[in-house]
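Asker: Here it is: the structure, laid out below.
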Amino acid sequence: MAVVVIGAGQAGLSGAYHLRRAGLEPDRDFIVLDHAPRPGGAWQFRWPSLTYGKVHGMHALPGMELTGADGRRPSSEVIGEYFSAYEEAFDLRVHRPVEVAAVREGEGGRLLVETSEGGYAARALINATGTWDRPFWPRYPGQETFLGRQLHTAGYPGPEAFAGLRVVVVGGGASGTQHLMEIAEYAAGTAWVTRRPPVFREGPFSEDAGRAAVAMVEERVRRGLPPQSVVSVTGLPVNDAVRRAREQGVLDRLPMFDRITPHGVAWDDGRTVEADVILWATGFRPAIDHLAPLKLREPGGGIRVEGTAAVRDERIHLVGYGPSASTIGANRAGRAAVHDIRRLLGKRAPALV
């Protein structure tokens, strides 16, 4: 096997598409492994109230546009169906559900990919595992004493589940604000807590600003630091719903609390907020633990990447990592990874076995 692709979200499918275009055959020259039960990447796990019309920045996969979608339908359904049709249209033959336990050094300069369906020896790897499987839960004093419910964005069930409850939403990103605005219509009360004051962005996001945001994330990756999401440096776009929420006081932000109590959260200045639920909209971290045997991490905690290749091992390409975590970035990174892999293997694509 020339190439193993781990993950069949936007990044993995983009990589597989470009491998196909390079002349490689699925299940002969490359294989795509995905642990999810069905097509759709992380989108299939999104909450039902996130309709397709609310999705920001969904960029079509290469070679096939997503057209005619009903914006009122859940994004999980719309994008899941689109990814399924894409896999079929380009005959990508994704193996699922397959768990990847580890990637190790194999024999003859190959990588040994250990999976629930057996081992694969590969000359190169496209790692497109994203972040959804690694929700980040901050730790605060007293957290274990809280008598209410704590949950993360990854397990968000939709706003109706919070009817009549007092809810503290933690996190200043797009998910946190979306959750907060939805929940406020059902909850007995809400509070919004963030580590830093949120930055709201009026008007369109320029290409120059987008490039600057990506460059900031890219610089961290080059230095071997854990990547930040591109969205974290672009600010929160202001639309009509955000304006209404700000006028109604729903988006009145509180600074980060100092501790959690059995009945809510508290600050050292004596302020308290009682809560039945704490919702942690605190983001995700890259799901790369299976790469640990290769010792790719830098002292800063991240994997140093040039282009898409790991600096410590040019056979490993991380797509959808750091600056390529956006949907359009994943498409470009998939193409770049395949270009570099072909050059690495040094043969014509159909012979890369």
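Any read-out appearing in this document is the output of simple, stated calculations on the displayed coordinates, not a laboratory observation. From a predicted model like this one, the values you see are computed outputs, not experimental measurements. Counting neighbours? That spans all protein chains shown, and the Cβs are built from the backbone with ideal geometry, glycine included.
Asker: Listed highest first by mean packing, meaning other Cβ atoms within 10 Å per residue, what order do 120-133, 72-85 come in? Could you put the intermediate results ahead of the total?
Answerer: Numbers: 120-133: 23.0, 72-85: 19.0.
My ranking of the peptides, most packed first, is 120-133, 72-85.
Asker: May I ask you to compute the full-extension gain from residue 268 to residue 306, defined as 0.36 nm times their residue separation minus their alpha-carbon distance, rounded to one decimal in nm?
Answerer: 9.3 nm
Asker: With the dipole of the chain worked out from charges on the C-beta (+1 for Lys and Arg, -1 for Asp and Glu) around the Cα centre, which of 47, 102, 170 lies farthest toward the positive end?
Answerer: My answer, from the dipole projection, is 102.
Asker: For the chain, what does -39500 (n - 2.57) per DSSP helix run (n ≥ 4), summed and divided by total residues, give at 222 nm, in deg cm²/dmol to the nearest 500? Please list the in-between numbers first.
Answerer: On the way: 6 runs with 80 residues, N = 353.
Using -39500 (n - 2.57) per qualifying helix, the result is -7000 deg cm²/dmol.
Asker: Another one. Per the Kirkwood formula on distinct C-alpha pairs, the Rh of the range 11-52 is how many angstrom? Can you show the working numbers first?
Answerer: Numbers: mean 1/r = 0.0824 Å⁻¹.
Over the range 11-52, the inverse of the mean reciprocal pair distance is 12.1 Å.
Asker: Given the range 1-126 reduced to its alpha-carbon atoms as identical point scatterers, what log10 I(q)/I(0) does the Debye formula return at q = 0.09, 0.17, 0.21 Å⁻¹?
Answerer: Each listed q corresponds, in turn, to -0.28, -0.85, -1.14.
Asker: To continue, here is another question. Let me know the charge dipole size of the chain about its Cα centre in debye, to the nearest 20, where only the beta-carbon of Lys, Arg (+1) and Asp, Glu (-1) is charged. Before the final figure, lay out the partial values.
Answerer: Numbers: 42 positive and 40 negative charges, 172 e Å.
In debye, rounded to 20, the chain gives about 820.
Asker: Something else now. Quote to one decimal, in nm, the extra length available between residue 188 and residue 107 on full extension: 0.36 nm per residue of separation minus the C-alpha distance between them.
Answerer: On the way: separation 81, 0.36 × 81 = 29.16 nm, distance 6.09 nm.
Roughly 23.1 nm would be gained on extension.
Asker: Which residues in the range 26-59 place their backbone N less than 14 Å from a point set 7 Å from the Cα of residue 93 along the Cα-to-Cβ direction?
Answerer: Correct set: 26-33.
Asker: Jot down the per residue volume, in cubic angstrom and as a whole number, of the convex hull over the alpha-carbon atoms of the chain.
Answerer: Details: hull volume 51.1 nm³, N = 353.
So the per-residue Cα hull volume is 145 Å³.
Asker: Let me spell out the model: positive unit charges on the Cβ of Lys and Arg, negative unit charges on the Cβ of Asp and Glu, origin at the Cα centre of the range 293-342. What dipole size does that give, in debye rounded to 20? Mind showing how you got there, number by number?
Answerer: Numbers: 8 positive and 5 negative charges, 15 e Å.
Taking the Cα centre of the range 293-342 as origin, the dipole is about 80 debye.
Asker: Report the semi-axes of the equivalent ellipsoid for the range 62-116 in whole Å, largest first, where each axis is √(5λ) for an eigenvalue λ of the Cα gyration tensor.
Answerer: On the way: eigenvalues 233, 38, 16 Å².
Semi-axes from the Cα gyration tensor: 34, 14, 9 Å.
Asker: Could you pull out every residue, at least 5 positions away or on a different chain, whose amide H is within less than 5 Å of the one on residue 102? Hs are placed 1.01 Å off N in the peptide plane, and Pro or chain starts have none.
Answerer: Excluding prolines and chain starts, which carry no amide H, the hits are 114.
Asker: With label points built 7 Å along Cα→Cβ from the Cα atoms of residue 81 and residue 201, find their separation and express it in nm.
Answerer: 3.0 nm
Asker: Residues with beta-carbon under 12 Å from that of residue 109, excluding residue 109: net charge, scoring Lys, Arg +1 and Asp, Glu -1?
Answerer: Numbers: positive: 110, 123, 315; negative: 105, 107, 313, 314.
Combined, the nearby Lys, Arg, Asp and Glu give -1.
Asker: Also, quick follow-up: Treat each spin label as a single point 7 Å out from the Cα along the C-beta direction, and report the residue 248 to residue 67 distance in nm.
Answerer: So the two model labels end up 3.8 nm from each other.
Asker: Then there is this: Any idea what the relative contact order of the chain is, in percent, if you count C-alpha pairs under 8 Å spaced at least 6 apart?
Answerer: Details: 736 pairs, mean separation 84.0, N = 353.
Worked out over the chain, it gives 24 percent.
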